[in-house]
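Rule-based calculations on the coordinates, nothing more; no lab input. Since the structure is predicted, the reported quantities are computational estimates derived from the model, not experimental observations. Methodologically, a virtual Cβ is constructed for each residue, glycine included, from the backbone with ideal geometry; neighbour enumeration extends over all protein chains shown.
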Amino acid sequence: MSRWQELEQQYFMNTVERLPVTLVRGQGARVWDEDGREYLDFVGGWAVNSLGHCHPVVVEAVVEQVHTLIQASNQFYTVPQVRLAELLVQNSCLDKVFFCNSGAEANDGAVKLARRYGKLNLDGGYEIITAMGSFHGRTLAMVAATGQSKFQQPYVPLPDGFVNVEYNRVEAIKAATTNQTCAVMLEPVQGEGGVNLPDDNYLAAVRDWCDRMGILLILDEIQTGLGRAGTLFAYQQLGIEPDIMTLAKGLASGIPIGAILAKDRASVFTPGEHGSTFGGNPLACAAGYATLKYILDQNIAGNARQVGNYLIAGLKHMRHKFQFITEVRGRGLLVALEFSGDIAQSVVMACLDRGLLVNRLKPNALRFMPPLIIGSDEVDEALDILEQALSSIAN
Ligand SMILES: Cc1ncc(COP(=O)(O)O)c(C=O)c1O
């Protein structure tokens, strides 16, 4: 254990089982540890480093903004947040934006927005229907929204007003809808829950139900958005539009930021009803603008789709060699590889030894969420290492 790792044990709260590597530098899809060892990064800051590590357009935007204006109160107008909001609205189906600092904060705010809508339009309806297997963040309310008992049990009693129902079954949403319901909140693909892809018509059927009941559809695109799923937003593949959408993770390629976007009719906050000291901070928004502009100009979502398909095809090909691979699934560069047994941790360690970072999604599954700028060369390299790692485990 290195000195940094010992100090971490001494000073840090024990919330995460870390891998035995201290990262000190990153460039593109590569990171280096304190001993100078290089790794190909298919974790990507947990689906955050959309343009890779330290992309020049992000670095330049941040450096320029650091010398100009880092933080100002939201009581004043600032330019980067308006520019980013304009770009988001111009390239989505939503009309208004609120900025915050993380995914959980964006979802928490989206729930507040839906509750305000419910107070104003639905006789005080306040309940939000979410899915089992979902992940919406770690604030107390988002733990209640997250339909996984392992995140909920340590913290009961949880805030009221969330109903978790089966994913991918519109009938479950219909059965849970009452005159207290104000919204349904779903991920287009469940990321943390297992890279679970719903049936093609599920979200269209949910949209239809929400319209019939006059309730809102909130899409949590924190993991799927900004090109990760192969289009700028995953809803664009579904033939539907959300009333509210949340973003975070890849929006500023590594600088903390979150966003709530809403259609005009759902944008019901009035001054003082919601806020955030750092939300829309000029530094984060300058990084967000540079990231989004690059994603749009360079068709990074198209690259994620193409390279993601290449990765999925390569992983499927490996099934011929390794019978214990039971499934490959994903959209764009959000991909899971499932095994018949609980070997994911051993595979993560075997990949780490060989210079590849991958995520243990479940005891029996890996997830790949590399930077969206990678090419087929990097995929080939990752597949080679993975094949060696799987061989070492199979033998
Ligand atoms: C779909 C989804 N929503 C919300 C969150 C929470 O985001 P944050 O960790 O930035 O609070 C995550 C994080 O993994 C996520 O994947």
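Over what distance in Å are the Cα centres of the stretch 1-47 and the stretch 210-242 separated? About 33 Å separates the Cα centre of the stretch 1-47 from the one of the stretch 210-242. Straight-line reach from LYS174: taking Cα to Cα under 24 Å and skipping same-chain neighbours fewer than 8 places apart, the lysines in range are LYS112, LYS119, LYS263. Volume per residue for the stretch 1-123 equals 207 cubic angstrom (convex hull of Cα atoms).
Which value, in debye to the nearest 20, gives the size of the charge dipole of the stretch 269-395 about its Cα centre, when Lys and Arg are +1 and Asp and Glu are -1 at the Cβ? Each step should come with its number before you reach the end.
Working: 11 positive and 12 negative charges, 63 e Å.
Magnitude of the dipole: close to 300 debye.
For a Förster distance of 41 Å, can you work out the FRET efficiency between the beta-carbons of GLN323 and ALA204, rounded to the nearest 0.05?
Using R0 = 41 Å, I get an efficiency of 0.65.
Residue-wise HN-Hα couplings along the stretch 52-60, as the Karplus relation 6.51 cos²θ - 1.76 cosθ + 1.60 with θ = phi - 60° gives them from phi, are x, 7, 6, 5, x, 5, 6, 4, 4 Hz; Gly and Pro carry x. Amide H to amide H, with H built 1.01 Å from N, VAL335 comes under 5 Å of PHE368, counting only residues 5 or more places away or on other chains. Does anyone have the angle between helix 79-90 and the longest principal axis of the chain? Alpha-carbon axes, 0 to 90°, nearest 10? Long axis of 79-90 versus the principal axis of the chain: about 90 degrees.
Each of GLN148, TYR39, ILE325 was scored by the projection of its Cα onto the charge dipole of the chain, and the greatest displacement toward the positive side belongs to GLN148; charges sit on the C-beta of Lys, Arg, Asp and Glu. Net charge dipole, the chain: roughly 400 debye, given to the nearest 20, about the Cα centre with Cβ charges of +1 for Lys and Arg and -1 for Asp and Glu. Projecting the Cα positions of GLY275, HIS53, GLN298 onto the charge dipole of the chain (unit charges on Cβ atoms of Lys, Arg, Asp and Glu, taken about the Cα centre) puts GLY275 furthest along the positive direction. Straight-line cross-link partners of LYS316 among the lysines, defined as a Cα under 28 Å from its Cα and at least 8 positions apart when in the same chain: LYS249, LYS362. The GluC sites (Glu not before Pro) found in the stretch 150-208 that occupy coil by DSSP, while having at most 16 further C-beta atoms within 10 Å, are GLU166. For the stretch 1-109, the set of chymotrypsin sites (Phe, Trp or Tyr not before Pro) satisfying both a DSSP loop assignment and a count of at most 12 other C-beta atoms within 10 Å is given as PHE12, PHE76, TYR77. Size descriptors for the chain: radius of gyration and Dmax over Cα atoms are 20.9, 63 Å. Note that the stretch 179-190 has calculated 3J(HN,Hα) couplings of 6, 9, 6, 10, 6, 10, 10, 9, 8, x, 10, 6 Hz, one per residue in order, obtained from phi through the Karplus relation 6.51 cos²θ - 1.76 cosθ + 1.60 (θ = phi - 60°); glycine and proline are x.
At a temperature of 20 °C and a viscosity of 1.002 mPa s, determine how fast the stretch 162-212 diffuses translationally according to Stokes-Einstein, using the Kirkwood radius over alpha-carbon pairs as Rh; express D in µm²/s, rounded to the nearest whole number. Working shown, then result.
On the way: Rh = 11.6 Å.
Approximately 185 µm²/s, per Stokes-Einstein.
With unit charges on the beta carbon (Lys/Arg positive, Asp/Glu negative), name the residue among GLY193, ALA204, ALA172 whose Cα is farthest towards the positive pole of the charge dipole of the stretch 169-211. Towards the positive end, the residue furthest out is ALA172. Can you tell me the 0 to 90 degree angle between the C-alpha axis of helix 103-121 and the longest principal axis of the chain, rounded to 10? That helix lies at roughly 20 degrees to the long axis.
Where both residues lie in the chain, what percent of DSSP beta bridges are antiparallel, nearest 5? The partial results should precede the final answer.
Details: 31 of 48 bridges.
Counting only bridges with both partners in the chain, antiparallel ones make up about 65 percent.
How high is the FRET efficiency between ASN74 and LEU7 when r is their beta carbon distance and R₀ equals 45 Å, given to the nearest 0.05? My answer for the efficiency is 0.80.
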